[in-house]
Amino acid sequence: GGSEADAPPPPRVMFVCRANSCRSQMAHGLFNKLTDGSSGASCGFRASELNPHAVAVMAEIGIDISEHTSNAIAEYDPSAFDAIICVCGCAAEVPGEWKVGHFEDWSLDDPPELDPGDRSVYRRVRDELKERIEALAKRLHVAGCGLGLGPLR
């Protein structure tokens, strides 16, 4: 049958960056919104804290990541995920056991490092992540891909 009940569960995707503060957190929020679920997660090589500018630019597009926590990769089991996406071009630092399944390395700019103070870099990276995650969702065959997000302001 082709009913919703028969749809496979969305793939579980881990977004990794150095500190799990900004880029991976935005990716995590976008993926869960796009897939209408909670199968996305994020972590860093070390835990830090959620970047308030990342929270703000996500809120601008109706995605609340304010309850996210910053977690270290050591807290997770790589076998619990179907795909691992590194968002900071730091694949060389990702432990080998995390590279066994679907692995991608996206080298995205670091907003805290480059932003002039008006959140413009945060917005640009957020929008780049949205495009990449929509394409990723298609590659991973997520049902209903692209629905529900609407145009970005």
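Taking only protein heavy atoms and a 1.4 Å probe, the accessible area of the range 14-150 is 48% carbon and sulfur. Across the protein chains, with a 1.4 Å probe defining accessible surface, the residues 36, 64, 105, 118 rank 36, 64, 118, 105 from largest area downward. Positive-end ranking of 62, 101, 8 along the dipole of the chain, with charges on Cβ about the Cα centre, is headed by 62. The mean sequence separation of alpha-carbon pairs under 8 Å and at least six residues apart, normalised by the residue count of the chain, gives a relative contact order of 27 percent. One entry in [x] 9, 23, 21, 22, 18, 6, 1; [y] 11, 32, 31, 17, 8, 2, 0; [z] 11, 44, 34, 9, 1, 0 is P(r) over Cα pairs in 10 Å bins from 0, in percent calculated from the shown coordinates; its label is [z]. Of the residues 53, 68, ranked by 1.4 Å probe accessible area with the largest first, the sequence reads 53, 68.
Accessible surface of residue 33, taken over heavy atoms with a 1.4 Å probe and every protein chain present, rounds to 80 Å².
Span-like helix criteria (full DSSP H runs; alpha carbon extent of at least 24 Å along the helix axis; mean Kyte-Doolittle hydropathy of at least 1.6) are satisfied in the chain by no helix.
Here the chain carries DSSP beta bridges of which approximately 5% are antiparallel, counting only pairs with both residues inside. Taking all protein chains into account, the per residue accessible area for the chain stands at 50 Å² (1.4 Å probe). Of 69, 35, the residue with the largest accessible area leads and the full order is 69, 35 (1.4 Å probe). In loop segments of the range 59-134 as defined by DSSP, the GluC sites (Glu not before Pro) with at most 12 further C-beta atoms inside 10 Å of their C-beta are 67. Under the convention that each Lys and Arg Cβ holds +1 and each Asp and Glu Cβ holds -1, the size of the dipole of the chain around its Cα centre is about 220 debye.
The values are calculated or read from the model by the stated rules, or taken from the named source; none is laboratory data. Small disclaimer: the values here were computed from a predicted structure and weren't measured. All Cβ positions, glycine included, derive from the backbone under ideal geometry; neighbour counts span all protein chains shown. In case anyone asks, the SASA skips ligands and DNA or RNA and just uses the protein heavy atoms, side chains included. Shrake-Rupley method; radii C 1.70, N 1.55, O 1.52, S 1.80 Å.
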